[in-house]
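The values are calculated or read from the model by the stated rules, or taken from the named source; none is laboratory data. Everything numeric here is computed off the predicted structure, so don't read it as measured data. For neighbour counting, all protein chains shown are included, and Cβ atoms are generated from backbone atoms with ideal geometry for every residue, glycine included.
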Amino acid sequence: SAPSPSVTPSPLCKPRRLYISFSDVGWENWIIAPQGYLANYCGGECPFPLAAELNSTNHAVLQTMVHSLDPRGTPQPCCVPVRLSPISILYYDNSDNVVLRHYEDMVVDECGC
Amino acid sequence: LSRQESSLLQSLGLSAKPSPKNPAPVPPVLRRMFQRREALPRPHKDRDPCRVEELSVPGDIVRVFADQGRFLPEGQPQGQLCLRRLLFFNLSVLEEGERLTMARLELQFQHNSYPAPSPGQVLELRLYRVSPRGLPQPRPGRRPLLERSFVRLHKSLPLDLSAALKTPGRNLALLLEISASGRTGSLRSLCASSDSFVATSLLVVTLGRQCRAGRSRR
């Protein structure tokens, strides 16, 4: 569930808050803990000129330049996760065993172009 | 959504969405491990994702398997048999290529601290690996998987089987025998302390695919 933005959100690429509640996706009867977690997502623009804090690749800088010259031909670079972190989930598996499993790349910490 | 959901479940290592019919209580050891991890400051920069710090072994998946076995009629040739049980663990959920790094059998009894038996009397525990399909009899002359004696029974008795179960297979059948030995005397009272046997479970730590294949991004 992403909260309705109280202030005008920055149009630039950055992590946006997204809390995933396992009961919202109907998984609450087999996931013991957590009940949900802050997964976040990347949203926003990668405009020309790419600001330094936008965590961008050289390729993205070039692409924004080309996009500013030829907007219809070349799209803007996209805003994607560049650093993620793991979570552990305690759950019942398909044989009712209790499992504690570590999952990589489940939380978006940083975004970039 | 269901197609997306099943592909996400696959990537979480599940063949289908679990629907626990009679879910067992969550083992305290797993609950404590989970809570400890939740308390760590995010993001877990310095934590090795492929190591179970709490048990000091490599691994990213910790499972507790409930015993699906049964008690066997007594009938040990010598000594005083207190308890004989066929332990059975369905390990078929272990994925192809998962590497086992720890296997710990846990015998659970109802309560702690029994009256200490008189000196010279001990309880003896023997554990044999038997065929999941055959008779719950160890092959004649077969050495026990594990043999140990203990004097006092505590609420839980952990037995490390990591070395013995390098390749656990899809099903694991073990024959557990607890007998009293020492001067005949009050063997029956010594046996009584094993009568409060409640259950066994098998804690297994493995290295799953995301750890063996390094940080392969999806």
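For region A:28-40: of the residues being of a type in the set (A, V, I, L, M, F, W, C) and farther than 20 Å from A:Arg83 by Cβ, which is nearest to the other protein chains (Cβ to nearest Cβ)?
Filtering region A:28-40 down to residues of a type in the set (A, V, I, L, M, F, W, C) leaves A:30-33, A:38-39.
Narrowing the set further to residues that are farther than 20 Å from A:Arg83 by Cβ leaves A:30-33.
Details: A:Trp30: 4, A:Ile31: 9, A:Ile32: 6, A:Ala33: 6 Å.
Top of the filtered list is A:Trp30.
Scan region B:4-26 for residues that are in contact with a helix residue (DSSP H, G or I) (Cβ under 8 Å, 6 or more places away or on another chain) and modelled with pLDDT of 90 or more and report the count.
1
With the condition kept exactly as written, say whether any residue in region A:105-112 is in contact with a Phe, Trp or Tyr (Cβ under 7 Å, 6 or more places away or on another chain) and farther than 28 Å from B:Ile61 by Cβ.
Within region A:105-112, not a single residue is in contact with a Phe, Trp or Tyr (Cβ under 7 Å, 6 or more places away or on another chain) and farther than 28 Å from B:Ile61 by Cβ.
Would you point out which residue out of A:Ser88, A:Ser95 is among the polar types (S, T, N, Q) and touching a helix residue (DSSP H, G or I) at 6+ places or on another chain (Cβ under 9 Å)?
A:Ser88
Which ranges mark the strands (runs of 3 or more DSSP E) fully within region B:105-218 that have 2 or more residues being over 14 Å from the mean Cα position of the chain (by Cα), on the phi < 0 side of the Ramachandran plot and at pLDDT 80 or above?
Strands (runs of 3 or more DSSP E) meeting the threshold: B:122-130, B:146-150, B:171-181.
Please work out if A:Val66 is within 14 Å of chain B (Cβ to nearest Cβ) and either of a type in the set (A, V, I, L, M) or assigned to a loop (DSSP other than H, G, I, E, B) (or both).
So A:Val66 does not fit the description; no.
Results for (1) part of a loop (DSSP other than H, G, I, E, B); (2) facing chain B (nearest Cβ under 9 Å); (3) modelled with pLDDT of 90 or more, shown as yes or no for each residue.
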{"residue": "A:Ser1", "(1), (2), (3)": "yes, no, no"}
{"residue": "A:Gly26", "(1), (2), (3)": "yes, yes, yes"}
{"residue": "A:Cys42", "(1), (2), (3)": "no, no, yes"}
{"residue": "A:Pro49", "(1), (2), (3)": "yes, no, no"}
{"residue": "A:His59", "(1), (2), (3)": "no, no, yes"}
{"residue": "A:Thr74", "(1), (2), (3)": "yes, no, yes"}
{"residue": "A:Asp105", "(1), (2), (3)": "no, yes, yes"}
{"residue": "A:Val108", "(1), (2), (3)": "no, no, yes"}
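Only residues that are charged (D, E, K, R), under 23 Å from the mean Cα position of the chain (by Cα) and assigned to a helix (DSSP H, G or I): list them for region B:21-57, please.
Start the filter on region B:21-57 by keeping residues that are charged (D, E, K, R), which leaves B:21, B:31-32, B:36-38, B:42, B:45-48, B:51, B:53-54.
Applying the additional criterion that residues be under 23 Å from the mean Cα position of the chain (by Cα) yields B:21, B:31-32, B:36-37, B:51, B:53-54.
Answer for region B:21-57, where residues must be charged (D, E, K, R), under 23 Å from the mean Cα position of the chain (by Cα) and assigned to a helix (DSSP H, G or I): B:Arg31, B:Arg32, B:Arg36, B:Arg37, B:Glu53, B:Glu54.
Could you list all residues from region A:76-97 that are within 12 Å of another protein chain (Cβ to nearest Cβ) and part of a loop (DSSP other than H, G, I, E, B)?
A:Asp93, A:Asn94, A:Ser95, A:Asp96, A:Asn97, listed by residue number.
Would you check if B:Pro18 is surrounded by fewer than 17 Cβ atoms within 10 Å (Cβ to Cβ) and either touching a strand residue (DSSP E or B) at 6+ places or on another chain (Cβ under 6 Å) or part of a loop (DSSP other than H, G, I, E, B) (or both)?
Taking the combined requirement at face value, the residue does not satisfy it.
Looking only at region A:65-113, which residues are over 30 Å from B:Leu203 (Cα atoms) and in contact with a Pro (Cβ under 6 Å, 6 or more places away or on another chain)?
Once the filter is applied, which keeps residues that are over 30 Å from B:Leu203 (Cα atoms) and in contact with a Pro (Cβ under 6 Å, 6 or more places away or on another chain), region A:65-113 yields A:Val108, A:Asp109, A:Cys111, A:Cys113.
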